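Only one structure is covered here, and it is reproduced in the block below.
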Amino acid sequence: MKFRIKSILLLLSILVMVSCKEDASDKDITDSEIEKSSAELNAYFDAEFEKDVADSPMMQTMLGRKTDYGKWDDFSSQKYTDDLEKAKKRLEYLEKNVDQVSLDKSTQLSYRLAKQGLKEEIADYDYRFYNYPINQMHGYHSEIPAFLINMHRIDSLADAEAYIERLNGIPKVMEQIVEGLKVREQNGIVPPKFVFEKVIEDSRNVIEGKPFTNSKEVSTLLEDFKSKLKNLELTEKEQLTLINKAENALNTSVRKGYENLIAKLEDQQQRATTDHGAWKFPKGEDYYNNRLKRITTTSLTANEIHEIGLSEVSRIHGEMEEIMKATGFKGSLQDFFEFMRTDKQFYYPNTAEGKKRYLAEATSLINNMKGELNELFITKPKADIVVKAVEAFREKSAGKAFYQQPAIDGSRPGTYYANLYDMSAMPTYQMEALAFHEGIPGHHMQIAIAQELDSIPMFRKFSSYTAYTEGWGLYSELIPKEIGFYKDPYSDFGRLAMELWRSCRLVVDTGIHAKKWTREEGIAYYKENTPNAESDCVKMVERHIVMPGQATAYKIGMNKIVELREEAKVQLGEDFDIREFHDVVLTNGAVPLNVLEEMVQEWVKSKKA
């Protein structure tokens, strides 16, 4: 179990290769003893989870709680050491005090996941500085203001004061982050050159506009604060007092924090290189191999993943050629790619109206899918989902699309963020697949259902195995086709284009980090093998570089889910029920792929019996 609740900035994590499960029937244990032991262990899990929540003001806010509402998490390097000691004590407790065979089935799984997660957290301590806390994808510089905007609700005067307190706490946050950057550089971990220009620009964007400058534009954070105050019943004097406090906090504390960070980034920029792969780190090969194991929850090597990618790219190209012929297009697949990349019929204008239309249609797609869920699912989420554009201050460097989970108490819906900075990178023919992946039946269904389960302890509701979660997201692009979506051949081409994109990721991620490909070689591979815009290709390669291994999870996870489904169909024949299969996949929270395989096999066995 990954007891340590990292901040919202570091969402996806680890847990793999679990130990063999014993059956409670192997011992003469009564039902009441099993019930008692299971209840005790689940109470322990939840108590430890609450300790981590108490240690993370940001997680408290994510959960919809308003305790420690004006505070930030601890971003210091010492936190890693403190968490290591915590993990060792928890592992010792589980090994010395818990008899796995005295637990019920669900709690046995919780025990296995908890124990393996703690072992991996301890083992991964050596790689604690092997990341880039400031990067163009999910850097603290943009996630801190995004947290205030998207997470910090203002429903009362006290909430507004807490927002201002958080503004005033930013200098300490940035000091800790800067210290972490220094420690990483001492250990040979510095982002490549291209990262600095992007993150420095994004950091400067946070301190642009009023009250930082005399421009007519209002800064992003001040605009957010003022808009949230409108929800309160305040006198004009009370409102002005709060705005003045916020402006003062922005002009002093926030400015100071960001200027400190920018100065450090400009300093490191002078020493950055154009070496892009994890191979450049001390023990870089070992680190990357470890990342692949954690991310995919398999023992696949970099070479094996690379070859899977090449094979999938070839297969999908073949399916695309069939669609191309069906549309009557004359020319090569590369010609068709160019047509899909440039023909105006597939793109909305890069205007406010064009962006508004995109958001409206993405919302409509998700709403239409809601009406078809009974055909595919037994369990459905209670939490709602909304579609938003990525905020202006971070849209230039942020990814194409991403999902933010709902608050577990129902106070905040799930959010599908579409990056509409460059509309030429958001073709309408990919709109269906993207909405299904990020929204329904993709991330929103999987994550919201996990959070709403009452059969598992809290830590499992928030566990994240990237191959499982992103594998489900990619699988969710496929299943709508099986019930009649993607009627337009260009839209079906878009579905394949999205799958092709994830297959290319297997090739390029391993190419950069294991085969020493350059950034330019990675971009060229995407441009030659996909219909995506060049800006898409550049962003994707730069994502590979700052998040080694992460992008391999999607296709590896999808392949496993499809493989398990097809095996179940063969074994069950007419008794196969897609709704039941999806319930097996979704109603235990996120799990490693090998555990998912066990669960599906067990379901098949029970159906055959």
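The values are calculated or read from the model by the stated rules, or taken from the named source; none is laboratory data. Everything numeric in this text was worked out from a predicted model, so none of it was measured. No Cβ is skipped: glycine too gets one built from the backbone with ideal geometry, and neighbour counts run over all protein chains shown.
Scanning segment 320-332 for residues being loosely packed, with under 15 Cβ neighbours inside 10 Å and in a helix (DSSP H, G or I) gives a total of 4.
Just to be sure before I move on: is Arg128 free of Cβ contacts under 8 Å to residues at least 60 places away in the same chain and basic (Lys, Arg) in the structure I sent?
Yes, satisfied.
Of all the listed residues (Thr107, Thr67), the sole one being in a helix (DSSP H, G or I) and outside the structural domain of Met174 (by TED's automatic domain parsing) is Thr107. Can you confirm whether segment 459-475 contains a residue that is modelled with pLDDT of 95 or more and among the polar types (S, T, N, Q)? Yes, segment 459-475 has at least one match.
When you go through Glu201, Glu247, Glu266, Glu238 one by one, which is the residue that is of a type in the set (D, E, K, R), surrounded by 18 or more Cβ atoms within 10 Å (Cβ to Cβ) and touching a residue at least 24 places away in the same chain (Cβ under 8 Å)? None of the other options fit; the residue is Glu247. Identification of helices (runs of 4 or more DSSP H) wholly contained in segment 497-609 with 1 or more residues that are within 19 Å of Lys105 (Cα to Cα) and of a type in the set (A, V, I, L, M, F, W, C) yields 578-586, 593-608.
If I filter segment 59-72 for residues that are more than 30 Å from Gly410 (Cβ to Cβ) and within 24 Å of the chain's Cα centre (by Cα), do I get at least one hit? No; the residues of segment 59-72 include none that is more than 30 Å from Gly410 (Cβ to Cβ) and within 24 Å of the chain's Cα centre (by Cα).
Taking segment 391-430, which residues are of a type in the set (Val, Ile, Thr) and either buried (at least 21 other Cβ atoms within 10 Å of the Cβ) or in contact with a helix residue (DSSP H, G or I) (Cβ under 6 Å, 6 or more places away or on another chain) (or both)? It would help to see each step written out before you state the result.
Kept after step one, since they are of a type in the set (Val, Ile, Thr), are these residues of segment 391-430: 408, 415, 428.
Answer for segment 391-430, where residues must be of a type in the set (Val, Ile, Thr) and either buried (at least 21 other Cβ atoms within 10 Å of the Cβ) or in contact with a helix residue (DSSP H, G or I) (Cβ under 6 Å, 6 or more places away or on another chain) (or both): Ile408, Thr428.
The residue of segment 95-125 that is farthest from Ser397 (Cα to Cα), among those that are among the polar types (S, T, N, Q) and touching a residue at least 40 places away in the same chain (Cβ under 8 Å), is Ser102. Considering every residue within segment 80-91, establish whether at least one is touching a residue at least 40 places away in the same chain (Cβ under 8 Å) and in a loop (DSSP other than H, G, I, E, B). No, that holds for no residue.
Here Asp488 clears all of (1) in contact with a strand residue (DSSP E or B) (Cβ under 8 Å, 6 or more places away or on another chain); (2) without any contact (Cβ under 8 Å) to a residue 60 or more places away in the chain except the condition numbered (1).
Kindly indicate whether any position in segment 170-184 is charged (D, E, K, R) and closer than 28 Å to Lys66 by Cβ. Yes, segment 170-184 contains a residue that is charged (D, E, K, R) and closer than 28 Å to Lys66 by Cβ. Condition test on Pro171, is it under 21 Å from Arg543 (Cβ atoms), surrounded by fewer than 21 Cβ atoms within 10 Å (Cβ to Cβ) and in contact with a helix residue (DSSP H, G or I) (Cβ under 7 Å, 6 or more places away or on another chain)? No; evaluated as a whole, the condition is false for this residue.
Do we have Val183 as within 19 Å of Trp72 (Cα to Cα), part of a helix (DSSP H, G or I) and among the β-branched types (Val, Ile, Thr) here?
Details: within 19 Å of Trp72 (Cα to Cα): no; part of a helix (DSSP H, G or I): yes; among the β-branched types (Val, Ile, Thr): yes.
No.
Inclusion of Phe402 among residues that are at pLDDT below 95 and part of a helix (DSSP H, G or I) is not warranted.
Among the candidates Tyr417, Tyr358, Tyr403, single out the residue that is within 29 Å of Val195 (Cβ to Cβ), of a type in the set (Ser, Thr, Tyr) and more than 22 Å from the chain's Cα centre (by Cα). Talk me through it step by step, then tell me what you get.
Numbers: Tyr417 fails: more than 22 Å from the chain's Cα centre (by Cα); Tyr403 fails: more than 22 Å from the chain's Cα centre (by Cα).
Of the residues listed, the single one that is within 29 Å of Val195 (Cβ to Cβ), of a type in the set (Ser, Thr, Tyr) and more than 22 Å from the chain's Cα centre (by Cα) is Tyr358.
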